[in-house]
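**Q** Sharing a structure below in structure tokens format, with a few things to ask.
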Amino acid sequence: MSTYKGHSIFALILSLMFFHSPLLIALTLIGANIPDFDHKFKKDHVYKLIILGLIVFISLYILKLPYMIGLIIVFLGACFYFSEHRSFTHSIFGAIILTSAIGLILIWSFQLVISITDLQNYYLLMAILIALLSFLFLNKNVLMIFLPLFFLSLFIFNTGDINYIELVLATFLGLFSHIVLDSFTPAGIKIFAPLSSKKVHSNFGKVSIFVLIAMALFYHAPYLYGLFEQYVFTNV
């Protein structure tokens with residue numbers, strides 16, 4: 001059975017294959033820990049998530065600010081509440097829905113803070129929002145390691161760029177990495193839930209890993225070709 005440690009390590013490896021920004025790597029790691037919120041022993045966290053969403057909704061509504069953020073948080077909690085373990089949240093459709101919800105929460109919260117404050121460091125603001133997201137979804141043992149390394153990396157590798165598409169892709173990669181790893185378990189996963197109960201197993205995981213590696217190589221092809229040209233052609 002895959003544990004939060006296994007999912008976190010696997011997501012970290014995948015994120016380093018595609019991303020260099022600490023924000024994107026962090027989101028991939030967080031995304032990899034999200035699907036298991038459908039587990040029964042996480043129900044207390046799900047209740048807290050729904051209550052948080054209601055508080056945010058009511059507070060923003062009273063302040064006459066965009067309150068959809070609160071409703072999305074409630075919707076996110078409802079997805080976990082009504083999903084059976086390794087069903088909807090562990091499917092392709094579930095990964096897309098959860099990615100959309102997390103993406104909207106991050107982006108709308110980011111835009112809301114910008115609109116009501118004079119903050120100019122957008123990169124740090126997004127980092128703080130991602131850190132708050134980690135409190136919701138990361139195991140406390142992972143969180144103790146994640147937070148100091150995350151904020152340290154911000155000062156070492158600060159790129160200063162905020163790209164909404166990349167934020168969404170990083171979140172989806174983390175969620176998908178969880179699905180891939182769980183496909184290696186004896187129980188497998190219902191990849192097309194709730195439309196189909198058909199399960200996939202390790203073959204799906206192996207193919208997915210091969211495709212992800214191929215995509216990473218293709219993504220970095222210009223850079224790899226540049227290195228090849230620099231160190232091979234110059235020495236011929």
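**Q** For segment 215-228, does any single residue satisfy the condition of being part of a helix (DSSP H, G or I) and under 26 Å from Ser87 (Cα atoms)? I'd like the intermediate steps shown before the answer.
**A** The first filter runs over segment 215-228 and keeps only residues part of a helix (DSSP H, G or I), leaving 215-219, 221-228.
Of the ones still in play, those that are also under 26 Å from Ser87 (Cα atoms) are none.
The answer is no; no qualifying residue exists.
**Q** Going through segment 115-139 one residue at a time, which ones are modelled with pLDDT under 90 and either under 14 Å from Ile25 (Cβ atoms) or open to solvent by 100 Å² or more (accessible area, probe 1.4 Å) (or both)?
**A** Of everything in segment 115-139, those that are modelled with pLDDT under 90 and either under 14 Å from Ile25 (Cβ atoms) or open to solvent by 100 Å² or more (accessible area, probe 1.4 Å) (or both) turn out to be Asp118, Gln120.
**Q** Is it true that Ile97 is assigned to a helix (DSSP H, G or I) and closer than 18 Å to Asn33 by Cβ?
**A** Values: assigned to a helix (DSSP H, G or I): yes; closer than 18 Å to Asn33 by Cβ: yes.
Against the criterion (assigned to a helix (DSSP H, G or I) and closer than 18 Å to Asn33 by Cβ), Ile97 qualifies.
**Q** OK, next. Out of (1) open to solvent by less than 20 Å² (accessible area, probe 1.4 Å); (2) at pLDDT 95 or above, the odd one out for His90 is which?
**A** It is condition (2) that His90 fails.
**Q** Is it fair to say Ile51 is out of contact with any helix residue (DSSP H, G or I) (no Cβ under 8 Å at 6 or more places or on another chain) and modelled with pLDDT of 95 or more? Even if it seems obvious, please write down each step before you answer.
**A** Details: out of contact with any helix residue (DSSP H, G or I) (no Cβ under 8 Å at 6 or more places or on another chain): yes; modelled with pLDDT of 95 or more: yes.
When the stated conditions are applied, Ile51 passes them.
**Q** Another question, if that's okay. Hey, can you tell me all the residues within segment 94-109 that are touching a residue at least 40 places away in the same chain (Cβ under 8 Å) and crowded, with 17+ Cβ neighbours inside 10 Å?
**A** Those that are touching a residue at least 40 places away in the same chain (Cβ under 8 Å) and crowded, with 17+ Cβ neighbours inside 10 Å: Gly94, Ala95, Leu98, Thr99, Ile102, Gly103, Leu106, Ile107, Ser109.
**Q** On to the next question. For Ser153, state whether it is over 17 Å from Ser15 (Cβ atoms) and either in contact with a Leu (Cβ under 9 Å, 6 or more places away or on another chain) or not β-branched (Val, Ile, Thr) (or both).
**A** When the stated conditions are applied, Ser153 does not pass them.
**Q** Then there is this: Which residues, counting only those in segment 58-84, are within 16 Å of Lys43 (Cβ to Cβ), assigned to a loop (DSSP other than H, G, I, E, B) and open to solvent by 70 Å² or more (accessible area, probe 1.4 Å)? Break it down stepwise before answering.
**A** Pass one, segment 58-84, residues within 16 Å of Lys43 (Cβ to Cβ): 74, 76-84.
If we keep only those that are assigned to a loop (DSSP other than H, G, I, E, B) as well, we get 83-84.
Across segment 58-84, the qualifying residue is only Glu84.
**Q** Would you check which residues across segment 157-189 are in a loop (DSSP other than H, G, I, E, B) and surrounded by 21 or more Cβ atoms within 10 Å (Cβ to Cβ) and list them? So that I can check it myself, show each step before the final result.
**A** Residues of segment 157-189 that are in a loop (DSSP other than H, G, I, E, B), as a first pass: 157-163, 183-188.
Correct list: Ser183 only.
The values are calculated or read from the model by the stated rules, or taken from the named source; none is laboratory data. Just so it is clear, the structure is predicted and the values come from calculations on it, not from any experiment. Neighbour counts run over all protein chains shown; Cβ positions are idealised from the backbone, glycine included. The area values use the complete protein model at the heavy-atom level, side chains included, leaving out ligands, DNA and RNA. Shrake-Rupley method; radii C 1.70, N 1.55, O 1.52, S 1.80 Å.
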